[in-house]
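Report on the structure given below.
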Amino acid sequence: MFEPPIERTDDGIAVRIPSDERSLLLRLLDELSQILHAQASDSDTVEASITARLNPSVYDDVERNEEYHRLMGDELLASRMGAIDTVRQALSRDAPHFDEGGANAFMRSLNTIRLVLGTMLGITDDNQDDEDDEEGLSESPEYQLYAYLSWLLEWTVRSM
């Protein structure tokens, strides 16, 4: 019988994925932490694309947008790092589970990893499945990881 990988229980939100998959998520969280702390110095680099994807423009006005990111950047980083720490702690347990706040942190962290991976793969909102298949993208291990993270995110949303 199929057991959902993430499900609401009497104790909160249970994460029922094998330890090797939890280890993978922990490694991805470590890599995400490094990416979030890195500063992109060249607008042509992958890091700059990732930074732009994770911190999109809020205003059409360039000056207002720069001011917003100057004022809110540290707070956004702290919030993401706090979510990552919450998820790391839970996934390090033998039977991981989250309360509502922890499940929200899990969703945010999964989605942030997906955004980074999607940026690296060139996946955009405008991509169509046919285009991805023509390029063989859907067969790549990276795309399979992206799909797996999407699947976990979907189950987390269902549990909420």
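What the table below lists for this structure:
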| read-out | value |
| --- | --- |
| Qualifying residues in region 1-22 (those that are of a type in the set (K, R) and surrounded by fewer than 17 Cβ atoms within 10 Å (Cβ to Cβ)) - the one farthest from the chain's Cα centre (by Cα) | R8 |
| Filtered residues of region 65-106 (kept if farther than 26 Å from I6 by Cβ, without any contact (Cβ under 8 Å) to a residue 12 or more places away in the chain and surrounded by 12 or more Cβ atoms within 10 Å (Cβ to Cβ)) | N65, E66, E67, Y68, M72 |
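Laboratory data are not the source of any read-out in this text; all were calculated from the coordinates shown. In this text the structure is predicted, and so the values were computed from the model without any measurement. All Cβ positions, even for glycine, are placed from backbone atoms using ideal geometry, and neighbour counts span all protein chains on display.
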